[in-house]
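Accompanying notes for the structure given below.
The values are calculated or read from the model by the stated rules, or taken from the named source; none is laboratory data. Only a predicted model underlies this, so the values are computations on that prediction, with no experimental measurement involved. All Cβ positions, even for glycine, are placed from backbone atoms using ideal geometry, and neighbour counts span all protein chains on display. Note: accessible area is taken over every heavy atom of the protein model, side chains too, but ligands, DNA and RNA are not part of it. Shrake-Rupley method; radii C 1.70, N 1.55, O 1.52, S 1.80 Å.
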Amino acid sequence: MSSSGNTSGAQQGPAVRQAAMAEQVLADGSATAAELAERFGVSLMTIHRDLDELERQGIVRKFRGGVTAQPSGVFESNVQYRLKTMRPQKAAVAERALEMIEPGMAVLLDDSTSALEIARRLGEITPLTVVTNFLEAINLLSARRGIHLMALGGDYDPLHSSFLGVSCVEAVQSLRVDLCFASTSAVFGGYAYHQEQHIVSVKRAMLDSAARSVLLLDHTKLGRVALHRVVPLSRFDLVLVDDGASAEALRDLDEHKVPYEVCTTGAGG
């Protein structure tokens, strides 16, 4: 099975091969075991062992005949996959969110890649206190002048690149911020949903600790459900969504009297 071309997978060893395999699946969204076996020049049995390990690490989800990095109702995508998807849409939403932030505020960012787009743009709005449990945002903001960064501790979760758990919830509950920017995996019928219970408890605590809360969405999250209800959309003062949202999806927001704004996606993202 390894005679048809690329034999480097067999020569590199499993760790290097699995890293390259993860990179491909995260870039493409999904792959079949047969495609991966051919590309990496190893047997199907070896590929399945590699995929079992990647699934154990939370990078991919196996299905009959292959793997996917895309989310489902019970599976949240790996952060590396989420960082690469819907960037122009998330940027459009972040640009609108920035207009709500004023110097001197305390702002809470959750561990979403949508909130990270806000963090990328905070350099001009100082002084500012930023509270977050997202390691990507902590690393990004730690060297920014004029930003007082408060990192929320807890149990580190590599799938989300964030700190979660009871100690994170307790840290959030001890604070009161002006604005919370959060995202979620799915929105349907007047509710926000997420696949994982330990994420839900942190997001709820964040909303409780904020004077005002804003939900950040790219349009793919509308009209979808996931395993756990987070909160009713009425818990948010505003929902921001990009202009890829369908008329039907926006009608659902209208019917549930959800205050929302549609953010125009620029050509350059």
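The table below gives the values:
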{"quantity": "Ser185 vs. criteria at pLDDT 95 or above and under 24 Å from Leu140 (Cα atoms)", "calculated": "no"}
{"quantity": "Residues located in region 211-222, provided they are part of a strand (DSSP E or B) and open to solvent by less than 10 Å² (accessible area, probe 1.4 Å)", "calculated": "Ser213, Val214, Leu215, Leu216, Leu217"}
{"quantity": "Every pair of residues 6+ apart whose Cβ atoms lie under 8 Å, when the first sits in region 138-151 and is without any contact (Cβ under 8 Å) to a residue 12 or more places away in the chain while the second is surrounded by 11 or more Cβ atoms within 10 Å (Cβ to Cβ)", "calculated": "Ser142/Leu149"}
{"quantity": "Among (1) buried (at least 17 other Cβ atoms within 10 Å of the Cβ); (2) part of a loop (DSSP other than H, G, I, E, B); (3) of a type in the set (A, V, I, L, M) - the single one Val225 does not satisfy", "calculated": "(1)"}
{"quantity": "Only listed residue being surrounded by 14 or more Cβ atoms within 10 Å (Cβ to Cβ) and at pLDDT 80 or above, chosen from Glu76, Glu53", "calculated": "Glu53"}
{"quantity": "Residue match in region 24-36 (condition: open to solvent by less than 50 Å² (accessible area, probe 1.4 Å), polar (S, T, N, Q) and either assigned to a helix (DSSP H, G or I) or modelled with pLDDT under 75 (or both))", "calculated": "yes"}
{"quantity": "Residue in region 169-183 that is farther than 18 Å from Ser114 by Cα and either of a type in the set (Lys, Arg) or touching a Phe, Trp or Tyr at 6+ places or on another chain (Cβ under 9 Å) (or both) present", "calculated": "yes"}
{"quantity": "Residue among Val241, Val202, Val187 that is surrounded by 18 or more Cβ atoms within 10 Å (Cβ to Cβ), under 16 Å from the mean Cα position of the chain (by Cα), in contact (Cβ under 8 Å) with a residue 40 or more places away in the chain and not in a strand (DSSP E or B)", "calculated": "Val202"}
{"quantity": "Residue tally, condition touching a helix residue (DSSP H, G or I) at 6+ places or on another chain (Cβ under 9 Å), open to solvent by 60 Å² or more (accessible area, probe 1.4 Å) and outside any helix (DSSP H, G or I), over region 228-238", "calculated": "1"}
{"quantity": "Matching residues in region 107-122 - criterion: being of a type in the set (A, V, I, L, M) and either touching a Cys at 6+ places or on another chain (Cβ under 9 Å) or over 24 Å from Asp155 (Cβ atoms) (or both)", "calculated": "Val107, Leu108, Leu109, Ile118, Leu122"}
{"quantity": "Residue under evaluation Asp155, criteria (1) within 20 Å of His194 (Cβ to Cβ); (2) buried (at least 17 other Cβ atoms within 10 Å of the Cβ), criterion not met", "calculated": "(2)"}
{"quantity": "Some residue of region 121-129 being polar (S, T, N, Q), at pLDDT 95 or above and surrounded by fewer than 18 Cβ atoms within 10 Å (Cβ to Cβ)", "calculated": "yes"}
{"quantity": "Failed condition for Leu109, given (1) over 24 Å from Val239 (Cβ atoms); (2) buried (at least 20 other Cβ atoms within 10 Å of the Cβ)", "calculated": "(1)"}
